[in-house]
Amino acid sequence: MRLEKVTALVTGAGSGIGEAVSARFRREGAQLLLTSRRERLGTTRPGDVYIPGDLNDEAFVVELARRAAESAGTVNVVVLNHGLQVSGPLTEMAYDDAKDVLHSNLLSAFLVMKHFAPLMPPEGGSFVCVGSRLGIVGKPGEVLYSAAKGGLIMLAKGAAIEWAARNIRVNVVAPGLTATPVIEASFRRRPDPEAYRRLRESQIPLQRLAVPEEIADAVVFLASPESSYITGAVLPVDGGYTAF
Ligand SMILES: NC(=O)c1ccc[n+]([C@@H]2O[C@H](COP(=O)([O-])OP(=O)(O)OC[C@H]3O[C@@H](n4cnc5c(N)ncnc54)[C@H](OP(=O)(O)O)[C@@H]3O)[C@@H](O)[C@H]2O)c1
């Protein structure tokens with residue numbers, strides 16, 4: 001699928017799934033606007049525009065939209081991939097951590113949607129949110145993260161209906177456990193990383209983690225004209241985890 005005429009914003013482009021999504025859009029010929037918090041990215045290419053900042057800060061999101069309008073005019077695709085997972089028992093979760101999780105997964109997504117929908121051209125556009133299997137099912141120790149990703153699903157469904165008349169589609173990809181640097185690092189912190197990996201794999205029907213490129217394939221599909229009649233949908237890419 002070719003996306004030569006597409007300008008795409010990818011958030012959380014700094015690592016893992018965001019990096020894979022950016023690489024895939026680049027390969028399809030899209031013009032890329034990339035953002036995450038780190039000062040610079042390892043993998044920008046000539047033509048990519050990288051604008052670092054915190055999406056929890058509305059002033060930054062307004063500036064990001066202004067610079068997107070300045071450099072590209074319109075934005076056809078927005079991939080809301082940024083996110084933050086803070087785990088722990090509910091009764092031990094600090095209020096500040098809870099606010100961080102809700103801001104970084106949900107309220108920041110609202111801010112980007114609010115300020116980027118007006119940049120979409122008259123023929124429409126596509127938002128693809130990267131949610132989680134934990135936005136669909138609960139898990140001990142992940143209650144706030146689940147609440148935030150579940151909220152993201154409803155944000156996407158509501159916006160899909162609100163913007164349908166403008167042909168702005170809004171969908172969610174819900175990854176399962178994916179072998180990104182942050183996940184690999186969390187495995188390495190376990191006393192027996194290999195045993196822990198086998199345990200986690202055994203909980204997934206397909207018996208393995210996803211690789212970031214498998215999530216990127218689903219994101220690009222929902223961003224592209226191949227999914228032109230799909231809006232308000234949640235696509236699990238989780239090896240069957242939520243099929244139970
Ligand atoms: N990996 C998995 O197993 C898995 C499973 C289900 C869902 N997901 C979701 O998939 C997405 C990507 O996951 P990943 O594993 O690739 O995570 P990651 O490596 O931790 O990447 C997250 C990205 O989001 C950015 N980010 C976080 N908070 C931000 C904020 N307030 N403002 C701007 N940027 C912010 C980070 O920027 P900096 O690093 O520059 O600070 C980073 O680039 C997340 O939404 C995650 O919840 C992942």
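Dipole check for the chain: with +1 at the C-beta of Lys and Arg, -1 at the C-beta of Asp and Glu, and the Cα centre as origin, the magnitude is about 280 Debye. Residues whose amide H comes within less than 5 Å of that of Y50, counting only those at least five positions distant or on another chain, are L34 (H built at 1.01 Å from N in the peptide plane).
Could you sort 162-168, 115-121 so that the peptide with the highest average Cβ count within 10 Å comes first and the rest follow in order?
115-121, 162-168
Couplings 3J(HN,Hα) of the range 127-143, computed from phi: 9, 10, 9, 9, x, 6, 4, 7, x, 10, 10, x, 7, x, x, 10, 5 Hz, in residue order, whole Hz [Karplus 6.51 cos²θ - 1.76 cosθ + 1.60, θ = phi - 60°; x for Gly and Pro]. Between A159, S36, N171, the Cα set farthest toward the positive side of the dipole of the chain (charges on each charged residue's Cβ, about the Cα centre) is that of N171.
Quickly estimate the mean residue ellipticity at 222 nm for the chain, helices only: each DSSP H run with n ≥ 4 gives -39500 (n - 2.57), and the total goes over all residues, rounded to 500. The helix contribution divided over the chain gives -12000 deg cm²/dmol. Annotation: amide H-H contacts under 5 Å for V237 (H modelled 1.01 Å from N, sequence separation of 5 or more, or interchain): A174, G176. Using the 1.4 Å probe convention, the accessible area of the chain works out to 48 Å² per residue with neighbouring protein chains retained.
Taking amide H positions as modeled 1.01 Å from N, with prolines and chain starts lacking one, the residues under 5 Å from R169 and 5 or more places away or on another chain are G125, S126, F127. Rounded to whole numbers, the Karplus 3J(HN,Hα) couplings from phi for the range 207-218 are 6, 7, 6, 6, 9, x, 5, 6, 6, 4, 4, 5 Hz, using 6.51 cos²θ - 1.76 cosθ + 1.60 with θ = phi - 60°, and x at Gly and Pro. Take 134-147, 20-33 and order them by the average number of nearby Cβ atoms within 10 Å per residue, most first; the result is 20-33, 134-147. Relative protection proxy for 69-82, 225-238, from highest mean packing down: 69-82, 225-238 (other beta-carbon atoms within 10 angstrom).
Using only Cα positions of the range 5-100, each an equal point scatterer, no hydration layer, compute I(q)/I(0) via Debye at q = 0.12, 0.14 Å⁻¹ and quote the log10 values to two decimals. So the normalised log intensities are -0.42, -0.54. Based on a Kirkwood Rh over C-alpha pairs, give the Stokes-Einstein translational diffusion coefficient of the chain at 20 °C and viscosity 1.002 mPa s in µm²/s. For these conditions, the coefficient is 118 µm²/s. With the contact rule set at Cα under 8 Å and sequence spacing of 6 or more, what percent relative contact order holds for the chain? Computed over the chain, the figure is 20 percent. Whole-Hz Karplus values for the range 66-73 come out as 4, 5, 5, 5, 5, 8, 10, x Hz, taken residue by residue from phi with 6.51 cos²θ - 1.76 cosθ + 1.60 and θ = phi - 60°; glycine and proline positions read x.
How high is the relative contact order of the range 87-220, in percent, with contacts defined as C-alpha pairs under 8 Å that are six or more residues apart?
Values: 143 pairs, mean separation 33.6, N = 134.
Reported relative contact order: 25 percent.
The values are calculated or read from the model by the stated rules, or taken from the named source; none is laboratory data. Since the structure is predicted, the reported quantities are computational estimates derived from the model, not experimental observations. Note: ideal-geometry Cβ built from the backbone for every residue, glycine included; neighbour counts use all protein chains shown. For accessibility, only protein heavy atoms count, side chains too; no ligands or nucleic acids. Shrake-Rupley method; radii C 1.70, N 1.55, O 1.52, S 1.80 Å.
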